[in-house]
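Reading through the structure tokens given below for one structure.
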Amino acid sequence: MSYRHLLVTRSDDGYVVTVTLNRPEQMNAMNTAMGEDLLGCFEGLARDPLVRAVVFTGAGDRAFCAGGDLKERDQMSDDAWRAQHVIFERGAFAVLRCPVPVIAAVEGWALAGGCELAVLSDFIVASETAVFGVPETTLGIFPGIGGTQLLPRILGAPLAKELIFTGRRMTADEARAAGLVNHLVAPGQARAKALELAQTIARNGPIAVRQAKKAIAYGLETDLDTAMTLAIEAYNATVVTEDRLEGVRAFNEKRKPQFKGK
């Protein structure tokens with residue numbers, strides 16, 4: 001598909017997809033068209049049997065995403081605002097429920113909806129230039145695509161409340177120390193590091209990785225006994241695959257496995 005405000009590329013083998021928010025002159029702020037692009041892109045990725053990992057990033061070095069495009073929103077009616085937000089909500093769910101790992105690669109600003117898009121991903125690689133924040137309350141708005149739910153789960157409730165209530169920004173160093181960022185790299189290197197991690201993931205059994213993501217995502221939302229049952233179901237789903245047989249053969253033959261996703 002072609003997109004108005006996304007660049008979507010694949011590795012040569014097709015296993016790793018890079019999705020780039022592409023409005024660099026607007027600091028990749030999300031307008032309606034970009035929201036529609038995100039929804040269509042990630043819904044498509046969910047149906048793609050070849051893809052094994054996604055790198056999610058922003059064009060340029062100034063920003064991953066500065067949030068919603070408030071210039072477009074200026075003078076919007078309440079109904080128009082709500083209609084736009086439904087698109088953003090659906091796009092956010094599509095990122096969150098993507099069945100393969102999504103790695104956010106952040107350079108520069110990740111603010112408001114941009115910060116939320118990053119935390120909707122499975123984990124974040126950030127450059128030393130990265131700045132995170134959810135300043136919506138300073139404008140009388142609300143973090144509307146998951147920040148109030150995901151940040152407390154990642155950071156703990158007290159720090160998440162401080163960030164949301166005050167609107168203050170976190171430097172890359174603070175975000176790394178708080179557990180928001182997995183890897184902190186030199187300026188300009190976030191995408192390269194995220195691609196390295198994505199390629200490592202893509203070499204692993206794709207069914208096993210998908211089942212692991214599913215078990216973690218749903219297991220965190222339930223009691224431990226139910227979560228253990230979900231994990232056993234995920235384990236059993238891998239037992240009957242050709243990939244499981246290939247992995248055992250490769251181990252015994254002292255070679256790298258060649259997984260087919262079957």
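Readers should treat all values here as calculations from the given coordinates under stated rules, not as data from a laboratory. As the structure is a prediction and not an experimental result, all values here were calculated from the model. We place every Cβ from the backbone using ideal geometry, glycine too, and count neighbours over all the protein chains shown.
Observations, loosely collected:
- Gyration tensor verdict on the range 101-217 (Cα atoms; rounded if a/c is under 1.5, prolate if a/b is larger than b/c, oblate otherwise): oblate
- Cα-centre dipole for the chain with unit charges at Cβ (Lys and Arg positive, Asp and Glu negative), debye to 20: 780
- Debye log10 I(q)/I(0) for the range 218-262, one point scatterer per Cα, at q = 0.32, 0.34 Å⁻¹: -1.02, -1.09
- The range 14-131 shape via C-alpha gyration tensor axes, a/c threshold 1.5: oblate
- The candidate values are (1) 21.2, 71; (2) 18.9, 66; (3) 23.1, 66; the one derived from this structure for Rg and Dmax of the Cα atoms in Å carries the label (2).
- Extension gain for T226 to T137 (0.36 nm times residue separation, less C-alpha to C-alpha distance): 28.4 nm.
- Of the GluC sites (Glu not before Pro) found in the range 168-240, those that fall in a DSSP loop while having at most 16 other beta-carbon atoms within 10 Å are E221.
- Dipole-positive endmost among N204, V86, G140 within the chain (Cβ charges, Cα centre): N204
- Comparing A215, L245, A231 along the charge dipole axis of the range 210-255, the residue lying farthest to the positive side is L245, per the Cβ-charge model.
- The lysine pair tally for the chain, using Cα distances under 23 Å and a gap of 8 or more places or different chains, is 8.
- Share antiparallel - DSSP beta bridges, the range 6-202, percent rounded to 5: 25
- Charge dipole of the range 192-262 (Cα centre as origin; +1 on each Lys and Arg Cβ, -1 on each Asp and Glu Cβ, all else neutral): 540 debye, rounded to the nearest 20.
- Helix-only CD estimate at 222 nm, as mean residue ellipticity for the chain, using -39500 (n - 2.57) per DSSP H run (n ≥ 4): -14500 deg cm²/dmol
- Charge dipole magnitude, Cβ of K and R +1, D and E -1 - the range 112-250, Cα centre, debye nearest 20: 260
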